[in-house]
1. What residues qualify as long-range amide H neighbours of residue 64, i.e. H under 5 Å apart, gap of 5 or more or another chain, H built at 1.01 Å from N?
2. If you take every residue apart from residue 37 with its C-beta less than 12 Å away from the C-beta of residue 37, what net charge results, scoring Lys and Arg +1 and Asp and Glu -1?
3. Hey, what do the phi angles of the range 44-58 turn into as Karplus ³J(HN,Hα) couplings, whole Hz, using 6.51/-1.76/1.60 and θ = phi - 60°, x for Gly and Pro?
4. Using a 1.4 Å probe on the protein chains only, how many percent of the accessible area of the range 14-95 belongs to carbon and sulfur?
5. Between residue 27 and residue 53, 0.36 nm times their residue separation minus their Cα-Cα distance comes to what?
6. Any idea how far apart residue 20 and residue 45 come out in nm if each label point goes 7 Å out from Cα toward Cβ?
7. Report the gain in length on full extension from residue 82 to residue 94: 0.36 nm times residue separation, minus Cα-Cα distance, nm rounded to one decimal.
8. Taking Cα pairs under 8 Å and at least six residues apart, what relative contact order does the range 14-95 come out at, in percent?
Amino acid sequence: LEEITPRCVQDAGSILKQGYLEKRSREHSFFGSEWQRRWCVLNRSTFYYYANEKSKQPKGTFSIEHYSARLAPQLRKDSRKRCCFELTCSGKRTYE
């Protein structure tokens, strides 16, 4: 994610980081979980993800309060494994 000058975007408030990430889908296909490229926006309290950087409505949002991040290279076997991380919170969905 790139560092940017904070500015308002929709209801996101001041942006700390934004850029493309790949997230693992919840649905599993015949070949296993799929990685989806999403435009992500992080402010001080909320993580937003969109289909692309031009999208007006997020595909998902969640409060980052109580979430923690940790490196998770075991999630992939390709060259991107060094960049993998998980966002976890007890009793809530884990984002990979």
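The values are calculated or read from the model by the stated rules, or taken from the named source; none is laboratory data. Predicted, not measured: the structure shown is a model, and the values here were computed from it. Neighbour counts are summed over all protein chains in view; Cβ atoms, including those assigned to glycine, are modelled from backbone coordinates with ideal geometry. Each accessible area value is taken on the protein alone, full model and side chains, heavy atoms only, with ligands, DNA and RNA left out. Shrake-Rupley method; radii C 1.70, N 1.55, O 1.52, S 1.80 Å.
1. For residue 64, the qualifying residues are 46, 47.
2. Working: positive: 23, 24, 38, 59, 80; negative: 22, 34, 53.
So the surrounding residues net to +2.
3. Result, ordered by residue: 5, 10, 9, 10, 10, 9, 10, 4, 7, 5, 8, 4, 8, 10, x Hz.
4. The computed percentage sits at 50.
5. Details: separation 26, 0.36 × 26 = 9.36 nm, distance 2.31 nm.
Once the chain is fully extended between residue 27 and residue 53, it gains 7.0 nm.
6. According to this spin-label approximation, the distance is 3.1 nm.
7. Details: separation 12, 0.36 × 12 = 4.32 nm, distance 1.86 nm.
Using 0.36 nm per residue and subtracting the Cα-Cα distance, I get 2.5 nm.
8. Values: 133 pairs, mean separation 15.4, N = 82.
It rounds to 19 percent for the range 14-95.
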